[in-house]
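Trainee: Input: one structure, supplied below.
Nothing in this text is a laboratory measurement; each read-out follows from the coordinates by a stated rule. Please read all numbers here as calculations on a predicted model, not as lab measurements. Counting neighbours? That spans all protein chains shown, and the Cβs are built from the backbone with ideal geometry, glycine included.
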Amino acid sequence: MMERVYLDNNATTAIAPEVTEAMLPFFTSSYANPSSMYSFGGEVQHSLTKAREEVAALFHAEPDEIIFTSCGSESDNTAFWSAIATQPEKRHLITTAVEHPAVLNVAAYWEREGYSVTRLPVDSFGRIDLDEYKRALTPDTALVSVMFANNETGTLFPVEEMASMAHEMGVLFHTDAVQIAGKKDVDLSRLPIDMLSLSGHKLHAPKGIGMLFVRKNVLFRPFMRGGHQEKGRRAGTENVPYIIGLGKACSLAMKHMHEEEKVGKLRDRLEQGLLEAVPRARVNGDVDHRLPNTSNISFKNVEGEAILLMLDRVGICASSGSACTSGSLEPSHVLRAMGVPFSYAHGSVRFSLSRYTTEAEIAHVLKEVPGIIETLRALSPFKD
Amino acid sequence: MRFSTRTRYGLRFLLRLALEGQEKKTVSLASVARDEGISPGYLEQIVHALKPLGILAAERGSGGGYRLLVEPRCIRLEDLFVCLEGPLFALDCLAEQPCCERLGTCGLHWFWFSFALQIRCYLRTITLQTLLDAQRHREETVMWDYTKAVHDHFLHPHNAGPLADANAVGEVGSLACGDALRLHLKISDEGVIEKAGFETFGCASAIASSSVLTDIIIGMSVEDALKVTNNDIVAKLGGLPREKMHCSVMGQEALEAAIRNWRGEAPVPHAQEIGRLVCKCFGVTDAQIIRVIRENGLTSVDEVTDYTKAGGACGECRNEIAEILAAELKKGSSDTGKGAVRKHLTNVARMQGVTRILGESSDILKEGEKATLLDVDGLRVTVHIESGEKKERLSRLESRIRTQLEEDIVLLEGE
């Protein structure tokens, strides 16, 4: 049996060995505070600058536009905070019904504080109706926050068009790019995006490091106050080893970007193979506009947690949008927003690949899954 | 850097001793060699090499073998490595008396020094106990929060599938709810459950609950089967995670529904039929809620959600559940004089409760002793105790008040 087939890369990724290697000296010998005056500190400062350039390069941004944070959630919180603090007269926010909790719950917080929030619905493919979006935009809108790619289905949103539409109304546009980073080219020199969130651990850097891009001419107010780090935009002594790791991960992502085509082919093979081998299965999301690494498949009349546990027995790591695994008693908010029928929503499994995924691993999954679904369907009272 | 098989096999051998050689039991070298696929002769050499450490005792004769002389937590990996592998860093400049001529000027000495230091420091933090704990954790970690029994019943369910000759079928749950159970029974003319089968849609605990339910009820009379509660299912599974308790309730309800079906009554769970709908998302009635509160001694809305799912989706009915719960708790405390523990009492209720418990505590207060309530200031309750052993009485009274009345109360002694 294979020791482990890790197909949950939208949850977190393996730390690239090159990243660990780049970080190690900053845990041992290069421990100086980068703000210190002596050359020992200056060397660390120099490494930080290089890392900032590496991160900026992945997004075709300026190094000055990069603010290091502790995680994607902090970046999202900061984007809302800054947009609201710099435009106190505006009282409206727009987001989507299928955002990550890091955006949804921040929007809900501001709603309780008296802001009105529009949560754009999606159709059965997970797509946004741009006419509806256009109607929602008003001069009173302080921020639009729309994810670049959905974490559960991989569906891509037309953020370029949406950002332009926001700008026509003089509205700031933020995107949570946590899932797309490193998988598709995001060119901020061209895209009219004002703020963008990134999380290190989704692109083979460790957990505990994030980034917020803030475009040069965009007004900013810090979320975390204190020292002058990050040019006064995010206080707290720099998390040097992790920033170095993020820089390395970004330069590796650039180097390996072309391999995403290979990842996409493996994903397609997995998906086609499962759809052929397992009757009454369907793909959730917009298959024509999707991340190359993500496949969200629903198996009718079986329950996701049971599938995951059986997959775990044969070394396969995946996740599910079923009620039992969503931490609530209802299936995932994304699948519900898409109107996926209950008979399918409870039986959804997300496989998310990475550049480390191999053909042999996909073959292993294709070998194991049909039998598991058959076993559980034999137990289920629902047969059709 | 390659570590020899001496070290690798040696660690495996010692881990086996630590795992199996508890309570002075010896472990035979031959059995370890066989199980681990190591040549017995080679393992003997390794054991011989370990002798100077003084951590092994050998016992001869039949049933002989080796055991650990020292607690696993006292066996440091560093010592094992040095013993089996030789000096970890055979560099001239790191020896106790450095003999490298470049020592004063070498720009790399710091590197070798810090490299060696870090490896040694790491090895010092690891003992045989660390390895033992990790191994045990690995063996004990069944999936997620589930017990071994849940795990076994999920992977190898008993009595799975419908019965061709069933004369009673009970169904609860639905696809929309995320779990459903159809229970099939073959009940004899004498009213004994001869066979049971189930079909379940749901998570591991739902499947395991169904499986264990069939084990419990086969061979039971219908009358006895009606006394089976969700607690029996939970007990047989060695416990369920809190948020999965509703799976056991589903089993109990399906059983009732099947028996009602056999008796020619409407095949819905009794409590669902007679009650008023409270949770619209999951279709849970007040009668069902009251029943789980009573049978399981529930005291919070979250617990009701864990057991019935009610209030777990839109949350609109949570206030209503809280009202039902409050009414039940009130009833419970007036019925028995000792209600379940409540979390937030009003000052008046707290005062009355403490007075009642003090009055009922003649088993704690010996003859001639008395406890009088002096003051209630939020959760700080002051009493005066007339006794030679104020402290002991105070702490026993406090713990009784905490279990019977309110868990955060602080009992103070005052004059």
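Trainee: DSSP loop chymotrypsin sites (Phe, Trp or Tyr not before Pro) in region A:275-384 with at most 16 other Cβ atoms within 10 Å of their Cβ, which ones?
Mentor: Here the sparse-neighbourhood loop sites are A:TYR356, A:PHE382.
Trainee: How far is helix B:109-125 tilted, in degrees, relative to the longest principal axis of the Cα atoms in chain B, given as a value from 0 to 90 rounded to the nearest 10?
Mentor: 50 degrees
Trainee: Given a 10 angstrom Cα cut-off, can you work out which residue in B:PRO40, B:PRO87, B:PRO98 is the most mobile in a GNM of chain B?
Mentor: Per the Cα network of chain B with a 10 Å cutoff, B:PRO98 tops the list.
Trainee: If you don't mind, another one. Excluding A:ILE362 itself, calculate the net charge of residues whose Cβ lies under 13 Å from the Cβ of A:ILE362, where each Lys or Arg counts +1 and each Asp or Glu counts -1.
Mentor: 0
Trainee: Loop only per DSSP, at most 15 neighbouring Cβ atoms within 10 Å: give me the trypsin sites (Lys or Arg not before Pro) in region B:1-50, ordered by residue number.
Mentor: The qualifying sites are B:ARG2, B:LYS24, B:LYS25.
Trainee: Along the charge dipole of region B:148-269, Cβ charges K/R +1 and D/E -1, which of B:GLY202, B:ASN230, B:GLY191 sits furthest on the positive end?
Mentor: In region B:148-269, that residue is B:GLY202.
Trainee: Moving to a separate point now. Taking just the alpha carbons, could you work out the radius of gyration and Dmax for region B:23-148, both in angstroms?
Mentor: Cα only, region B:23-148: 19.8, 63 Å (Rg, Dmax).
Trainee: Relative contact order for region B:273-333: what percent, with Cα pairs under 8 Å and sequence separation of 6 or more?
Mentor: Contact order relative to length: 34 percent.
Trainee: Cα atoms only, chain A: Rg and Dmax in Å?
Mentor: Spelled out, the Cα radius of gyration and Dmax of chain A are 21.5, 73 Å.
Trainee: Additional query: If contacts are Cα pairs under 8 angstrom and at least 6 residues apart, what is the relative contact order of region B:148-269 in percent?
Mentor: 30 percent
Trainee: When B:LEU379, B:LEU103, A:LEU137 are ordered from fewest to most other Cβ atoms inside 10 Å of their Cβ, what list results?
Mentor: Listed from fewest to most nearby Cβ atoms, that is B:LEU103, B:LEU379, A:LEU137.
Trainee: Given a Förster distance of 51 angstrom, what is the FRET efficiency for B:THR105 paired with B:ARG60, based on the Cβ-Cβ distance and rounded to 0.05?
Mentor: Efficiency, rounded to the nearest 0.05: 0.30.
Trainee: So for A:SER75, A:SER354, fewest C-beta neighbours within 10 Å to most, what's the order?
Mentor: By the 10 Å Cβ count, ascending: A:SER354, A:SER75.
Trainee: If I model a spin label as a point 7 Å beyond the Cα along the Cα-Cβ vector, how far apart are those points for B:GLU295 and B:LEU226 in nm?
Mentor: Taking the two extended label points, one gets 1.3 nm.
Trainee: Separate question: Whose amide H sits under 5 Å from the amide H of A:LEU120, counting only residues 5 or more places off or on another chain, with H placed in the peptide plane?
Mentor: A:THR95, A:THR96, A:ALA97
Trainee: Any chance you could get the radius of gyration and Dmax over the Cα atoms of region B:148-269, in Å?
Mentor: Answer for region B:148-269, Rg first and Dmax second: 13.0, 39 Å.
Trainee: Among the listed pairs A:LYS207/A:LYS255; A:LYS134/A:LYS184; B:LYS244/B:LYS280; B:LYS331/B:LYS390; A:LYS184/A:LYS255; B:LYS148/B:LYS244, which have their C-alpha atoms separated by more than 23 angstrom in this model?
Mentor: A:LYS134/A:LYS184; B:LYS331/B:LYS390
Trainee: Hey, another quick one. In vacuum, with every alpha carbon of region A:16-61 counted as one equal point scatterer, what does the Debye formula give for log10 I(q)/I(0) at q = 0.15, 0.16, 0.27 Å⁻¹? Two decimals, please.
Mentor: Reported log10 I(q)/I(0), two decimals: -0.45, -0.50, -0.98.
Trainee: Given the options B:GLU101, B:GLU59, B:GLU85, which has the most mean-square fluctuation in a GNM of chain B, springs set between C-alpha atoms less than 10 angstrom apart?
Mentor: B:GLU101
Trainee: Can you tell me the 0 to 90 degree angle between the C-alpha axis of helix B:128-140 and the longest principal axis of chain B, rounded to 10?
Mentor: 40 degrees
Trainee: With springs connecting C-alpha atoms under 10 Å apart, model chain B as a Gaussian network and identify which of B:GLY239, B:GLY61, B:GLY264 has the largest mean-square fluctuation.
Mentor: Top of the fluctuation ranking is B:GLY61.
Trainee: Classify region B:273-333: rounded, prolate or oblate, from the alpha-carbon gyration tensor (a ≥ b ≥ c, eigenvalue square roots; a/c under 1.5 rounded; otherwise prolate if a/b is larger than b/c)?
Mentor: The shape class here is prolate.
Trainee: May I pose another question? How big is the convex hull of the Cα atoms of the protein assembly as shown, per residue, in Å³?
Mentor: Output value, Cα hull per residue: 275 Å³.
Trainee: Express in nm, to one decimal, how much length is gained between B:SER361 and B:ARG120 on full extension, taking 0.36 nm for each residue of separation and deducting their alpha carbon distance.
Mentor: Extra length available between B:SER361 and B:ARG120 comes to 80.7 nm.
Trainee: Using only the Cα atoms, work out Rg/Rh for chain B, with Rh taken as the Kirkwood radius, to two decimals.
Mentor: Rg/Rh for chain B comes to 1.17.
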